Amino acid sequence: MNIIGKNSEFELVEKKSKFIARSFIVSSESEAMSVFEKVSSLFRDATHNVYAYRILENGILKIKFSDAGEPKNTAGKPIVDLLSRLNLINTLIVVTRYFGGIKLGAPGLLRAYLGSAKHVIDASAIEEYIPKYTVEISFGYNLISQIDNLLKARKHASVLDKNFTEDVNYKISADKETIALLETQWGVKFRIANE
């Protein structure tokens, strides 16, 4: 599975119609729809706001698209098919169209929506998906600098919360490799966090 590395934007003009494709990293259907609604609201003067997403949420792959009034399977469907071919998850693509006065026909629409989606995905830097887990770790005060340095150096780890009591307690988001390293190298105790 793959994800995009960053949100991006790409504009394509086809026979005076403007297609503005935007990519977004999302982690849930509700987040995807919230982002889509914001984009639609910002560009409510557009002729169409098409979307497609594939999201892995709680171990379930959720796929949805909308042609937004364009002829059936000329807009959202080809974009979601592209996401599937690239094995992309946690990705939302929104393509905003401003009609330029010249009808494109079904082949022209398909080419424009798919082309703008391909370009925005290329600009979004596809990466391999590395699952992350939210865990709470506990360790002695003498290890703070070593643990902080390790977590800063790891690409797939971040500190979500810190709590200093008898021991140091961090809530982190990290990949399995980082969690295993903390446990084996530093003897850090961990447990799955309640989100």
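The values are calculated or read from the model by the stated rules, or taken from the named source; none is laboratory data. Here the structure is a predicted model, which means the values were calculated and not measured. Every residue, glycine among them, receives a Cβ derived from its backbone with ideal geometry; neighbour counts consider all protein chains shown.
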Subject >> Among (1) outside the structural domain of Leu61 (by TED's automatic domain parsing); (2) of a type in the set (Asp, Glu); (3) modelled with pLDDT of 90 or more; (4) not in a strand (DSSP E or B), the one test that Asp161 misses >> reply: (4)
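Within the range 103-127, restricting attention to residues that are touching a strand residue (DSSP E or B) at 6+ places or on another chain (Cβ under 7 Å) and outside any helix (DSSP H, G or I), which residue is nearest to Asn49 (Cα to Cα)? Before the answer, list the steps.
Here is the first cut: in the range 103-127, the ones touching a strand residue (DSSP E or B) at 6+ places or on another chain (Cβ under 7 Å) are 104, 108, 112-113, 115-117, 119-121, 123-127.
Then drop every residue that is not outside any helix (DSSP H, G or I), which leaves 104, 124-127.
Details: Leu104: 17, Ser124: 20, Ala125: 23, Ile126: 24, Glu127: 26 Å.
Looking at residues that are touching a strand residue (DSSP E or B) at 6+ places or on another chain (Cβ under 7 Å) and outside any helix (DSSP H, G or I), I get Leu104.
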Subject >> Filter result for Leu114 (assigned by TED's automatic domain parsing to the domain that holds Glu11 and at negative phi) >> reply: yes
**OP:** State whether one or more residues within the range 81-100 are within 18 Å of the chain's Cα centre (by Cα), of a type in the set (A, V, I, L, M, F, W, C) and surrounded by fewer than 19 Cβ atoms within 10 Å (Cβ to Cβ).
**Re:** yes
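How about the range 105-131: which of its residues are of a type in the set (A, V, I, L, M, F, W, C), crowded, with 22+ Cβ neighbours inside 10 Å and in contact (Cβ under 8 Å) with a residue 60 or more places away in the chain? Outline the logic, then answer.
Just the residues of the range 105-131 that are of a type in the set (A, V, I, L, M, F, W, C), to begin with: 106, 109-110, 112, 114, 117, 120-121, 123, 125-126, 130.
Of the ones still in play, those that are also crowded, with 22+ Cβ neighbours inside 10 Å are 109, 112, 117, 120-121.
Hits for the range 105-131 are Ala112, Ala117, Val120, Ile121.
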Original post:
If a residue has to be surrounded by 17 or more Cβ atoms within 10 Å (Cβ to Cβ) and either assigned to a helix (DSSP H, G or I) or free of Cβ contacts under 8 Å to residues at least 24 places away in the same chain (or both) to count, how many in the range 1-39 make the cut?
Top reply: 5
